[in-house]
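One structure below.
The values are calculated or read from the model by the stated rules, or taken from the named source; none is laboratory data. Just so we're clear, the structure is a prediction, and the values are computed from it rather than from any experiment. Backbone-built Cβ (ideal geometry, glycine too); neighbour counts: all protein chains shown.
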Amino acid sequence: MRQLTITFLHFAYWSMYIVLLLSFFLILVINGKDQHEDIATIWWIWSRLIVGFAVVPAVIGFYFGYIVGFPRLLARQKTKRFILFSLLATLGASLAGGITMSIIYQRNTLFVEGWQSAIPQLVFMWFIGVVNLTLGCIIRGFIQSTRDIRIKAKLEHERLEAELHLMRIQVNPHFLFNTLNNIDALIRISPEQASNYLHRLSHFMRQLVYETDDTLHPLDRELMVLEDYLALQQIRFKSEEIFRWQREGNTEDMEVPPLIALPLIENAFKHGLIDAQHPITIAVCVQAQHTEIRITNAIDTTAPQSPGGLGLELTRKRLQAAYGDRAKCMAVLQDQQYIQTILIQRQP
């Protein structure tokens, strides 16, 4: 696909150049009619003249800029060499154009009247070479910049995937071992309840490992993952009142990146003051203009605070990759509450 695009750019460029030359031919035709000259004669003279005078310097200049000028000199910041070699290349292009005309006409067309006729022709052919060399550099720079942008976007996507994978690795062992130990202790007290938590753990791990590779997934599925995670945290806190849900709007049609809110929930448990009197509040609001996921938890003002970290920054980068400027992730301290918010604007 990339090679096809490059071929098209070259084809479009030279097509436009030929159209420009044909416009000059039409001017000659009009002048020829005024002078009662034959159009075929004008075309024959013009076509031979234009090959050496306009085509050869243009091709040499353009492809010197495209192949050598930009990628080997300008891109490597070798400005002095670029100027020197460009000057030599365009001078060579003008001489090649003059030699081509002499071969076609089988006579010396440059020095018909000595240097007085040769210098203006060589200068004009040199100018044609300079213009096309410049355009060759611009087109090669455009192709290179789009390629760099695409590679940068690909590397950014791969980096985000690697960070997401790292987050999974961090979640899996720590959370898994603690939860299994809690379930093991619960088996003797309430086997039925332990079985229910084990089922939730299995469902959570399946979502975490196998069903989070898509770019986006339904918001309902994201909330199910959070519900499993919060339910499993209830074992550690030995309370069913450590979190509180608030839902508004229809969550069925909204899609979000997988596990986008899980790092924020983890931040709440890691840095928050969590108990029955200070539950985590998860508020999900889906409206026509935007979707908001807000996670609020109390904080211990006497303890050192270092909220956020890798999880919060990863969430911001993943939102940027998925939605661009239409989404943001904010975290603020307000009235002894730590509030983390994901805000996604709908497309107009």
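Which one is surrounded by the fewest Cβ atoms within 10 Å (Cβ to Cβ) among residues in segment 222-263 that are in contact with a Pro (Cβ under 6 Å, 6 or more places away or on another chain) and among the hydrophobic types (A, V, I, L, M, F, W, C)? Top of the filtered list is I242. When segment 71-96 is examined, which residues are found to be in contact with a Phe, Trp or Tyr (Cβ under 6 Å, 6 or more places away or on another chain), farther than 11 Å from G61 by Cα and touching a residue at least 24 places away in the same chain (Cβ under 8 Å)? Passing the criteria: only L74. F111 falls short on exactly one of the conditions (1) within 19 Å of G69 (Cβ to Cβ); (2) modelled with pLDDT under 80, and that condition is (1).
Set side by side, the residues A268, A231 differ, and just one is over 20 Å from P218 (Cα atoms) and touching a residue at least 60 places away in the same chain (Cβ under 8 Å), which is A268. Kindly indicate the residue of segment 300-328 that is touching a Leu at 6+ places or on another chain (Cβ under 6 Å) and modelled with pLDDT of 85 or more and also nearest to M254 (Cα to Cα) among those meeting that condition. It comes out as A327.
Mind listing just one residue for me: the one in segment 229-281 that is of a type in the set (A, V, I, L, M, F, W, C) and in a loop (DSSP other than H, G, I, E, B) and, of those, modelled with the lowest pLDDT? Break it down stepwise before answering.
Here is the first cut: in segment 229-281, the ones of a type in the set (A, V, I, L, M, F, W, C) are 230-232, 235, 237, 242-243, 245, 254, 256, 259-262, 264-265, 268-269, 273-274, 276, 280.
Cutting the leftovers down to in a loop (DSSP other than H, G, I, E, B) gives us 242, 254, 259-261, 273-274, 276.
On the way: I242: 84, M254: 88, L259: 83, I260: 87, A261: 88, L273: 84, I274: 83, A276: 77.
Among those residues, the one meeting the criterion is A276.
One residue alone among E163, E211 is in contact with a helix residue (DSSP H, G or I) (Cβ under 6 Å, 6 or more places away or on another chain), modelled with pLDDT under 80 and surrounded by 11 or more Cβ atoms within 10 Å (Cβ to Cβ), and that residue is E163. Return yes when A54 is part of a helix (DSSP H, G or I) and at pLDDT 90 or above and no when it is not. Against the criterion (part of a helix (DSSP H, G or I) and at pLDDT 90 or above), A54 does not qualify.
Among the conditions (1) exposed (fewer than 15 other Cβ atoms within 10 Å of the Cβ); (2) at pLDDT 85 or above; (3) in contact with a Lys or Arg (Cβ under 9 Å, 6 or more places away or on another chain), the only one that T291 does not satisfy is (1).
If you check A185 against the conditions, is it over 26 Å from N297 (Cβ atoms), outside any strand (DSSP E or B) and over 42 Å from the mean Cα position of the chain (by Cα)? So A185 fails the test.
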